[in-house]
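Here is the structure we will look at, set down as structure tokens.
The values are calculated or read from the model by the stated rules, or taken from the named source; none is laboratory data. Treat the numbers as computed from the prediction; the structure is a model and nothing was measured. Every residue, glycine among them, receives a Cβ derived from its backbone with ideal geometry; neighbour counts consider all protein chains shown.
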Amino acid sequence: MDIKGEQTGKLLVGQPPVLGDAMVLFILLQAFDSFSTWLGFRVGSGESSAFIRQLMPALGGVGAVALTKAAAILLMLRIQHNERVVRAVNYWYGVIVVWNLAVVWSMAWRLAH
């Protein structure tokens, strides 16, 4: 609705955009993935993504991950209207975060023993 309460095409003028729950979860999962990847780097784990590995010599590990996370969030903001896709991607990133934490735990345990 615009300021007078009239709908202007698909955009609602005069109201801030609202992120759906699935999109908020996606952004949080990106943060958790970034953090768990950083933890992995700290305990000596490598990056499994070939694309990120290609960026690492130029940007470093954290820079490469940050750039790809920013790109992922921007892409998902463009397609957030398709909530089924966002939810499916959220499941995938949930699995990645659990995997990252398992790798971190395993590497940390090996370092301790």
Going through the stretch 30-65 one residue at a time, which ones are farther than 22 Å from Ala108 by Cα, in contact (Cβ under 8 Å) with a residue 12 or more places away in the chain and of a type in the set (A, V, I, L, M)?
Ile52, Leu55, Ala64
Pairs returned, first residue in the stretch 85-102 that is among the basic types (Lys, Arg), second residue that is at pLDDT below 95, beta-carbon separation under 6 angstrom, 6 or more apart or interchain, are Arg87/Ala22
